[in-house]
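Down below is the structure, laid out as structure tokens.
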Amino acid sequence: MDYSFETYQLLVIPSVILGMGYCLYFIQGKFNERVSKQPYNKLFHLNFFGKQLLVTAIIGLAGYYIRQFMLFMPFCFLVAFWTLNQLFLLTSNRNIILGTRWNAPKYKRWSTGLNTFVLMMLTFVLSITLALVVGIASVDNNSKSVKIYSR
């Protein structure tokens, strides 16, 4: 779909809010001290995870149609979350714990913060890679940078 640069700029704000908001809600949706009450714990249940994967795939298809790569972030977040959780299950036989210094258990603050950081960086890298693969973004050979909007 071709539209003007001004329309593209208007669509950036809602797509950033939806894409980043989905990820941040699941990581830290409730500002309380109990990690067991955080929304990402629901993703450990296969039925809920499957429904969320379907919803985020539909959001990603809408992002492909309107050429907004930030709408790929919820789907990439779920893929990265599942991958990291499987690595944690394999290595330490427990589910991943996410959080920041405010809501992490006192003895695991550095590891939960690192888990959250790695998950968000994987989400960004996967969404930009997916945008490059499907053709929404392109690489400019002269300046060696990623160009998100092309006319």
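The values are calculated or read from the model by the stated rules, or taken from the named source; none is laboratory data. Just so it is clear, the model here is predicted, and its values are computed rather than measured. Cβ coordinates were reconstructed from backbone atoms using ideal geometry, including for glycine residues, and neighbour counts include every protein chain displayed. Side chains included, ligands, DNA and RNA excluded: accessible areas come from the protein's heavy atoms. Shrake-Rupley method; radii C 1.70, N 1.55, O 1.52, S 1.80 Å.
Among LEU10, LEU18, what's the order by accessible area (1.4 angstrom probe), most exposed first? Could you put the intermediate results ahead of the total?
Working: LEU10 130, LEU18 85 Å².
Largest accessible area first, the list is LEU10, LEU18.
Give me the net charge for the shell around PHE44: Cβ to Cβ below 14 angstrom, other residues only, Lys and Arg +1, Asp and Glu -1.
Combined, the nearby Lys, Arg, Asp and Glu give +4.
Given the peptides 74-87, 47-60, arrange them by the average over their residues of other C-beta atoms within 10 Å, most packed first. Working shown, then result.
Values: 74-87: 19.8, 47-60: 14.8.
The most tightly packed comes first, giving 74-87, 47-60.
How would TYR65, TYR40, TYR25 rank on accessible area, largest to smallest, probe 1.4 Å? Before the final figure, lay out the partial values.
Values: TYR65 145, TYR40 0, TYR25 105 Å².
Ranked from most to least accessible, the order is TYR65, TYR25, TYR40.
I need the phi-derived Karplus couplings for the stretch 81-94: 6.51 cos²θ - 1.76 cosθ + 1.60, θ = phi - 60°, integer Hz, Gly and Pro marked x.
Calculated HN-Hα couplings, in order: 4, 5, 5, 5, 5, 5, 5, 5, 5, 5, 7, 10, 6, 8 Hz.
Heavy atoms of the protein only, probe of 1.4 Å, neighbouring chains included. What is the accessible area of VAL125 in Å², nearest 10?
Answer for VAL125: close to 90 Å² accessible.
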